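None of the figures in this text is laboratory data; all of them are computed from the coordinates on show. Just so we're clear, the structure is a prediction, and the values are computed from it rather than from any experiment. Using ideal geometry, Cβ is built from the backbone for each residue, glycine included, and neighbour counts are taken over all protein chains shown.
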């Protein structure tokens with residue numbers, strides 16, 4: 001067996017602060033299991049925390065980043081029932097960093113993985129699908145024919161969001177940062193797609209909707225798009241800012257919402273899956289999407305866990321189209 005190791009954020013800073021260190025094999029507490037990771041998700045929140053961007057929780061270095069992974073159970077705590085050695089499980093927001101080969105996790109935060117979905121797709125898609133579940137099902141009622149705007153529609157969350165929204169019968173307007181990504185958004189089912197780098201997306205949305213606007217804007221870009229997102233709304237419309245890829249939204253005058261009685265919210269997945277019952281219920285819907293082979297989920301890059309810093313560089317460049325997944329080095333190079 002290859003020696004276990006983890007990736008540490010050694011200081012607040014750029015990708016270069018991610019360093020590898022050897023660890024002892026974890027031992028489970030009575031309510032924990034030990035997992036051998038097979039695939040590890042890379043998410044923008046990993047970058048926010050590494051860079052020290054204000055978030056709902058900001059751990060101080062050194063810490064292990066990462067919020068989700070999939071793996072096989074290799075050890076059970078003394079109080080564990082209903083789980084088996086070798087069983088495939090996943091987790092997210094479990095209070096542990098996932099950039100590691102092995103980890104001890106509370107059994108309460110584990111989600112069984114259906115047999116008909118592969119590990120990489122789970123690592124790439126679970127957080128994204130869970131996010132889409134609360135965006136589409138829990139923010140406000142969305143009926144067939146409702147107009148929504150999805151920013152970064154060719155990205156990891158955006159891909160699933162567009163496809164799921166179309167399954168619900170919504171009219172989807174999408175933005176993306178290149179002509180190639182615009183074509184991807186259209187291929188995913190978006191009714192209209194806009195290159196926000198070369199077009200004024202506010203004007204385009206106004207023209208497409210004949211001045212009526214959209215009911216909801218799903219905005220994961222943040223600073224660069226937020227002001228325009230407000231201008232795209234119909235009266236009583238809602239901007240959901242669920243990511244800040246371009247930087248945090250800075251203070252704005254509450255009075256800007258007044259003229260059309262607009263709504264703004266900044267939700268986070270952590271809140272929606274805090275309760276185990278809610279987590280499992282949402283996961284069931286998420287896996288219905290992930291287990292459907294007709295749902296497109298692009299995997300942009302697979303990298304060894306030891307190259308986590310390169311994964312962060314790629315994600316921060318905003319040039320990727322799809323997810324980045326880390327694989328323990330020993331699974332890529334069995335000789336190690």
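Quick notes
- Set the Cα radius of gyration of the range 40-154 against 2.2 N^0.38 Å, with N its number of residues, and you get 1.24.
- Centre separation in Å (Cα based) which lies between the range 203-230 and the range 140-198: 12 Å
- Relative to the longest principal axis of the Cα atoms of the chain, helix 119-137 runs at roughly 40 degrees.
- Panel order for 242, 63, by other beta carbons found within 10 Å of each beta carbon, from fewest to most: 63, 242.
- Only one item in [x] 59, 52, 34; [y] 72, 42, 38; [z] 62, 39, 35 matches Cα extents along the principal axes in Å derived from the coordinates shown, and that item is [z].
- The range 140-266: proportion of alpha-carbon pairs further apart than 20 angstrom, %: 37 percent
- Relative contact order computed over the range 140-266 (Cα-Cα under 8 Å; 6+ residues apart), in percent: 20 percent
- Looking at the chain, the DSSP beta bridges with both ends there are about 55 percent antiparallel.
- With the simple spin-label model, which puts each label point 7 Å out from Cα in the Cβ direction, the residue 265 to residue 313 separation comes to 3.9 nm.
- Folded to 0 to 90 degrees: helix 156-167 orientation relative to the chain principal axis, Cα: 60 degrees
- A straight chain from residue 254 to residue 191 at 0.36 nm per residue would run longer than the Cα-Cα distance by 19.5 nm.
- Packing-based exposure ordering (other Cβ within 10 Å, fewest first) of 117, 150: 117, 150
- A simple packing score, the average count of other Cβ atoms within 10 Å per residue, orders the peptides 183-195, 94-106 as 94-106, 183-195, with the highest score first.
- Within the range 260-290: backbone nitrogen closer than 14 Å to the residue 139 label point (7 Å, Cα to C-beta): 263-269
- Only Cα pairs under 8 Å and 6+ residues apart enter the sum, and on that basis the relative contact order of the chain stands at 17 percent.
- A prolate overall shape is assigned to the range 26-107, the ratio a/c of its alpha-carbon gyration tensor axes (a ≥ b ≥ c) being 1.5 or greater and a/b exceeding b/c.
- Crossing angle, helix 308-317 versus the chain [Cα axis fit, 0-90 degrees, rounded to tens]: 0 degrees
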